[in-house]
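Trainee: Can you read through this structure? Questions will come right after.
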Amino acid sequence: MYLTLKALHIIFVVSWFAGLFYLPRLFVNHAMVEDAATRERLALMEYKLYRFMTPLGILAVGIGLWLWYRYQLTGGWLHAKTALVLLLIAYHLYCGKLMRDFAAGRNTRSHLWYRVFNEVPVLVLVAVTFLVVLKPF
Ligand code: HEM
């Protein structure tokens, strides 16, 4: 059961990250286009993707917390990991705000800003994966 839960955890983590990588990429394109038809299409794609990736994030974190609680796992790595995951949850929610700003025509940021913003999940993924596999502390 433990390994089945861990496998499900990793499946939902990977699926959640697909959205965390792709949504800011849509923002990069959205910040560059002028014509209304393309902006409308991008806003619809962003809305559908955000609606799809949110339950995946909830399942990834939920199963992770259940693994932690059910099997009474301990270690500094789990606390450090959870701190990074809280950052990831804040990033996810901020993407929701940016999505609504784009849909309302309120975006003020440049495509360059979104290119840098798009790298944050990469850094978190690298840090969390090394933490959970190596368990250094
Ligand atoms: C609050 C959220 C999370 C909690 C409480 C959590 C907790 C856990 C726990 C307890 C395990 C089992 C560790 C083991 O068997 O050695 C695990 C495995 C794993 N978690 Fe999470 N996790 C969370 C979110 C994430 C996220 C966001 C990622 C990806 C960035 C992630 C990536 C992994 C990986 C790759 C494994 C497998 C490690 C291995 O088999 O050695 N987890 N997680």
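Trainee: Lysines within cross-link reach of LYS6: Cα-Cα under 16 Å, excluding same-chain residues under 8 positions apart?
Mentor: Leaving aside lysines fewer than 8 places away in the same chain, those within reach of LYS6 are LYS81, LYS135.
Trainee: With a sphere of radius 13 Å drawn around the Cβ of ARG100, what net charge do the other residues whose Cβ falls strictly inside it have (Lys, Arg +1; Asp, Glu -1)?
Mentor: Every neighbour counted, the sum reads +1.
Trainee: Still on this model: What is the projected area of the convex hull of the Cα atoms of the chain, averaged over all directions, in nm²?
Mentor: 8.2 nm²
Trainee: Starting from the Cα of LYS97, draw a straight line to each of the lysines and keep only those under 24 Å, dropping any in the same chain fewer than 8 residues away.
Mentor: Straight-line reach from LYS97, under 24 Å: LYS48.
Trainee: Before I look further, what does the chain give for accessible area per residue, probe 1.4 Å, in whole square angstrom?
Mentor: 60 Å²
Trainee: Taking all protein chains as present, what is the carbon and sulfur share of the accessible area of segment 1-91, in % to the nearest whole number, probe 1.4 Å?
Mentor: Its accessible area is 72 percent carbon and sulfur atoms.
Trainee: Could you rank the peptides 104-111, 120-127 by their average count of other C-beta atoms within 10 Å per residue, with the highest value first?
Mentor: Put in order of decreasing packing, that is 120-127, 104-111.
Trainee: Note down the net charge around THR74, summing +1 for each Lys or Arg and -1 for each Asp or Glu among other residues with Cβ under 15 Å from its Cβ.
Mentor: +3
Trainee: Rounded to the nearest 500, what is the 222 nm mean residue ellipticity of the chain from helices alone, with -39500 (n - 2.57) per DSSP H run of 4+ residues and division by all residues?
Mentor: So the helix-based figure for the chain works out to -29000 deg cm²/dmol.
Trainee: Which of the helices in the chain meet the span-like rule: DSSP H, Cα axial reach of 27 Å or more, Kyte-Doolittle mean at least -1.0?
Mentor: Taking the DSSP H segments of the chain (at least 27 Å long, mean hydropathy at least -1.0), we get 2-30, 36-70, 76-103.
The values are calculated or read from the model by the stated rules, or taken from the named source; none is laboratory data. Computed from a predicted structure; not experimentally measured. All Cβ positions, even for glycine, are placed from backbone atoms using ideal geometry, and neighbour counts span all protein chains on display. Note: areas computed on protein heavy atoms with side chains; ligands, DNA, RNA excluded. Shrake-Rupley method; radii C 1.70, N 1.55, O 1.52, S 1.80 Å.
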